[in-house]
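Heads up: the structure comes next, in structure tokens.
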Amino acid sequence: MKYFIVEDSLDEKVVGKDFPQAYKFIKGYNPDAPNMLFSIYKYRESFPDYIPDLDGIMLSGSAKLTNIVSNGFSPFFS
């Protein structure tokens, strides 16, 4: 099993200049459906046993999907 360390960074080479990095869902994406964004909310103390479908999150500019932890969607990951 792979594990990752999440760290704060102000280095624009790492996090980019766009903020927020994610700002809305694409048309037709249901964040409440199983295995989507909001299903991760229940995993506060552990990792999900599936790969969440996060493809419906619209990212800005050169943002990476991992950057969404630091934006307006972050309450769903805290």
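The values are calculated or read from the model by the stated rules, or taken from the named source; none is laboratory data. Everything numeric here is computed off the predicted structure, so don't read it as measured data. Counting neighbours? That spans all protein chains shown, and the Cβs are built from the backbone with ideal geometry, glycine included. Note: areas computed on protein heavy atoms with side chains; ligands, DNA, RNA excluded. Shrake-Rupley method; radii C 1.70, N 1.55, O 1.52, S 1.80 Å.
Whole-Hz Karplus values for the range 28-36 come out as x, 7, 10, x, 8, 5, x, 6, 9 Hz, taken residue by residue from phi with 6.51 cos²θ - 1.76 cosθ + 1.60 and θ = phi - 60°; glycine and proline positions read x.
Note on the range 5-45: with neighbouring protein chains present and a 1.4 Å probe, carbon and sulfur make up 53 percent of its accessible heavy-atom surface. Taking 20 Å as the straight-line reach from the Cα of Lys24, the aspartates and glutamates in range (excluding those fewer than 8 positions away in the same chain) are Asp32, Asp53, Asp55. Extending 7 Å from Cα along the Cβ direction at Lys2 and again at Asp18 yields two label points whose distance is 2.1 nm. Annotation: amide H of Met36 within the under-5 Å range of Asp53, sequence separation 5 or more or interchain, hydrogens built in the peptide plane.
Cross-link partners of Lys13 among lysines, defined as those whose alpha carbon lies under 17 angstrom from its own and excluding same-chain residues fewer than eight positions apart: Lys64. Amide H contacts for Lys24 (H built 1.01 Å from N in the peptide plane; partners 5 or more residues away or on another chain; cut-off under 5 Å): Met58.
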